[in-house]
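Laboratory data are not the source of any read-out in this text; all were calculated from the coordinates shown. Not measured: the values here are computed from a predicted model. Cβ coordinates were reconstructed from backbone atoms using ideal geometry, including for glycine residues, and neighbour counts include every protein chain displayed.
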Amino acid sequence: MRSIDLRISFFASTLLLLGTLTALLMSGRAAAEPYLAVEAGLKCAQCHVNPTGGGKRTAFGELYARNQISAQAVSLEPNSKPWTGDVTKWFATGADIRGGYDSVTVPNQSTESDFALTRATAYLDFIALPNLLQVYFDEKVAPDNVENREAYVLFTPHNGRYVVKAGQMFLPYGLRLQDDDAFVRQASGVSFRTPDDGIELGLELPKWSAQMAVTKGATDNGSDDRLSLSAVYVRPRWRVGASYNKNPDPLGDREMEAVFAGWKTGPIAWLAELDFITDQAPTTSQPSNQIYTSLIEGNWRIHKGHNLKVTYEFMNPFSHVAEDEQERYSAVWEYSPIQFVQSRVGIRRYNGIPNLAASNRNEWFAELHVYF
Amino acid sequence: MEGSNGSRRLARGFRALTRCATLVACAVAAASCGSGDGFGAGGSGGPLTPTFSSIQANVFTPICVTCHSGASAPHGLRLDGGNSYALLVGVPSDEQPSILRVKPNDPNNSYLVQKIQGTAASGERMPAGMPALPQATIDTIRQWITNGATNDTQASSAAIRVSSVSPLPGSTVTTLPASITVAFDREVNATTVDTTTFRLERSGGEGVFGNGNDVAITPASVTVPTTNTHSAVMSLTGIASANDTYRITLSGSGAAKILDLSGGALDGEYTGTLPSGNGTAGGDFVATFTVGTVQATLQSIQDNVFTPICSGCHTGTGTSLPGSMNLSNVTASRAALVSVASVEQPGVQRVAPSNSAGSYIVRKLQGDPGITGSRMPFGGQPLDQPTINAIRQWIDAGAP
């Protein structure tokens, strides 16, 4: 019994030390899916049609969700083949539907609560040449009007070693977190809200995944094209990556650098990202601005089907302004009773400047996520 | 066997608690970075009013700029102070090009209003990921558009200037004030006002700057009050008062300088009149004030200098100096000094109104070269510089 206690004590101390050091070095934020890749020791391309992650799941991704993430796998019919998204050899589909209840409390204001369909997206994957050429669509179908999020031709020669993507796409930059409101996503402007038009070249090696995208940028104002570079080195228990983004603009260029990592300690999958963003002013008489954001997130697979996600985020939005830093704390419990269904219950605490009440709000939410 | 199972359950439970504690501990440790106290944030620009500058300071800058900034701003819409007006008013929406983002006099057909009300045909309600703006805020923005959506930050094409300073430049005060307040002729970019661009020094006792013994004052704070974003306040709480000449500097040139909301630099040159400036953006504002016992009035000078120090010799008795000059009271001193030719140097007035440099009393008190006889006070300690400055200021004010 004493040896068990000692092992536990050593284990806990090591975790605490690693976590604390990482937190102090990186600071950070919460809520994302890349932890699943870290947990499995796989690259994004393993589970998603989009090699940089997000959107429609591959057949492997569907099976992983069924067999590894869910508490219980159910069959659609007795002895039927599990759902993989493949409708025919030439067409595959999928969807993500999220909705639920959220409650927001802003200091000195009444609490506002709401039931809402957050987002429903449908994925259409037309396979012209299996494992070589496909046309992919990611469409937001609700709420409100239909919006095209991604639409591109995907060319994957040499058995997927090379990737060519042309059309409208999400840019490769940092961790592709599901939570667009995470500080690193808000500040970088690279999120599921902001696709861009252009071309992306990718390289998928056994231990490496790298992308270079040239896109038109946020506005078609005659400025030079936007350049995005990202690379990640993936090992079974850890990964480390870096991203760079240069966005020329007549009103002032933006340059962004990010370093990110993921690693496992026992049943906990960690994510961390640190971003440096520089917004140049259009003239030298005006100061440039640096933005610093970071995130650290721990995902504890408590039991099959259950995940506890705790996140800390930090942002300094104006480098030349004193005492304007913001923080966000999140704790989210994710429960996947069966494949296709995930429930999420979470709380978030914003800690911002006192003269802006909304930056000090508290939120709690319950979300139902249906996917296939 | 049962005991073994119990131990395993206990160990599992303890392990679970440990993991949970680890996650929490990491979050708490990370929290040591801390959020800002808003001290220097341009997060609030005073009460929200239907003016562009107020909406910028209270809504766009603190709420929207997190996403809508830089070259990656969604739909190219930058909402920082330097760009927002030009990208909003009269500009077609990127999501719905048939609708202007802000259509002056028509809030219902302004896409900005539709987005913050959640009635736009495209995309989600703004601000994304945050609570909806309070209805009062939306109403104020609507009112600004109804009023024509003018840009009050560009009411003048001239550069931002200093319109007043407290304490007054050139004045003498008896003790160091608790704060120095500077007013500008328009809203200042709060992010550019700090201890680098708003500075205070004292001369080191002799009233001369730049000779190696200047003393930089570290203020308790430098802020742009949220209740008046046309001003800046340097708090001197906790700073010991010393009788000396103090110099206020507001940077309008160099790498760090004070800017208005449009990014224009301070037109700060000061030559004795306010507002400051020479009509061209860029240039430091430099002005001095004095802390001393003596005020720049004849009564104060009489009470603190002439009566206690000078009137022992300058009694008004006899026909030759020092007795012939009567400095025993205000009336006598005025009669003996103001516009009266010096006996020692008849070509120079003892006090030449509005001309301290040409007043013989100043030259005698300073011990300037070329004076006849001895420096005053005869046989005593020279007056300190703040006291001399006060006498000079009284003379320069016309010797009233």
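Listing for the model above:
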item	result
R0 of 30 Å, Cβ-Cβ distance A:Leu132-A:Ser288: FRET efficiency to nearest 0.05	0.10
C-alpha center-to-center spacing [the range A:267-338, the range B:115-151] in angstrom	27 Å
Rounded Å value of the spacing that divides the Cα centres of the range A:109-133 and the range B:361-400	83 Å
Theoretical FRET efficiency, 1/(1+(r/R0)^6), r = Cβ-Cβ of B:Gln299 and B:Ser221, R0 60 Å, to 0.05	0.95
Gaussian network model of chain B, Cα within-10 Å springs - most flexible of B:Gly283, B:Gly316, B:Gly263	B:Gly316
Under the Debye formula (equal points on every Cα, no solvent term), log10 I(q)/I(0) of the protein assembly as shown at q = 0.06, 0.07, 0.10 Å⁻¹	-0.51, -0.64, -1.03
Test item: A:311-323 mean partner chain Cβ contacts at 10 Å	6
Mean Cα-pair separation over length for chain B, i.e. relative contact order, pairs under 8 Å, 6 or more apart, %	12 percent
For residues of A:75-83, the mean tally of beta carbons on other chains within 10 Å	0
Separation of the B:Asn147 and A:Ala59 label points, Cα + 7 Å toward Cβ, nm	6.5 nm
In nm, spacing of pseudo-spin labels at B:Thr175 and B:Ser324 (7 Å Cα→C-beta vector)	4.5 nm
Per-residue ³J(HN,Hα) for the range A:333-340, Karplus 6.51 cos²θ - 1.76 cosθ + 1.60, θ = phi - 60°, Hz, x for Gly and Pro	9, 10, 10, 10, x, 9, 4, 5
Alpha-carbon Debye profile of the range A:19-371, log10 I(q)/I(0) at 0.10, 0.12 Å⁻¹	-0.62, -0.92
Selected from A:Asn245, A:Asn362, A:Asn131 as most flexible by GNM, with chain A as the system and alpha-carbon contacts under 10 Å	A:Asn131
Shielding by other protein chains, B:115-125, mean Cβ within 10 Å	2
Cα→Cβ-extended label distance, 7 Å offset, between A:Asn108 and A:His320, nm	3.0 nm
Residues A:Ala357 and B:Phe378, FRET efficiency given R0 of 60 Å [Cβ-Cβ distance, rounded to 0.05]	0.30
For the range B:162-291, convex hull of alpha carbons as volume per residue, Å³	102 Å³
Whole-Hz ³J(HN,Hα) from phi, Karplus 6.51 cos²θ - 1.76 cosθ + 1.60, for the range B:373-389, glycine and proline x	x, 9, 5, 9, x, 4, x, x, 5, x, 5, 6, 4, x, 5, 4, 4
